[in-house]
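The values are calculated or read from the model by the stated rules, or taken from the named source; none is laboratory data. None of the values given here were measured: they were computed from a predicted structure. Every residue, glycine among them, receives a Cβ derived from its backbone with ideal geometry; neighbour counts consider all protein chains shown. We work out accessible area using only protein heavy atoms, side chains counted, and drop any ligands, DNA or RNA first. Shrake-Rupley method; radii C 1.70, N 1.55, O 1.52, S 1.80 Å.
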Amino acid sequence: MPLVGTSDCHVLQQLNTTYTLIDAEKDMVSIFDAIKNGNLVLVSSPLQMSEIVHIMYGILFHHVVKRIGHACRSMFALKRREAL
């Protein structure tokens with residue numbers, strides 16, 4: 001079974017760290033045939049630990065800010081209902 005590399009990209013820094021080079025013409029039939037026949041090269045470049053920490057910090061920070069935003073909107077909606 002052929003293995004292809006795709007991106008599980010959450011931030012731009014992760015883009016192009018894993019991908020697949022496929023030796024085929026630029027049409028769907030040729031691409032699927034090339035994958036079935038193993039005419040591909042999996043390319044993966046591991047991230048440095050500092051890059052991983054930076055990415056994880058960014059994802060965590062975004063998650064926390066998003067949760068604070070939801071909490072603030074809920075609180076303001078409740079205040080508006082109480083004022084009515």
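Does Asp27 count as exposed (fewer than 10 other Cβ atoms within 10 Å of the Cβ) and more than 21 Å from the chain's Cα centre (by Cα)?
Spelling it out, Asp27 is indeed exposed (fewer than 10 other Cβ atoms within 10 Å of the Cβ) and more than 21 Å from the chain's Cα centre (by Cα).
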* Asked: For Leu3, are the conditions met, namely being in contact (Cβ under 8 Å) with a residue 12 or more places away in the chain and not in a loop (DSSP other than H, G, I, E, B)?
  -> no
* To do: Give the residues of region 51-84 that are farther than 29 Å from Ser7 by Cα and aromatic (Phe, Trp, Tyr), sorted by residue number.
  => Phe76
* Structure fact -> Every listed condition ((1) surrounded by fewer than 10 Cβ atoms within 10 Å (Cβ to Cβ); (2) in contact (Cβ under 8 Å) with a residue 40 or more places away in the chain) holds for His10 save (1)
* Check Leu42, Leu21, Leu47 and return the single one that is aliphatic (A, V, I, L, M) and free of Cβ contacts under 8 Å to residues at least 24 places away in the same chain. => Leu21
* Looking at region 35-50, is at least one residue within 15 Å of Leu3 (Cβ to Cβ) and open to solvent by 100 Å² or more (accessible area, probe 1.4 Å)? -> yes
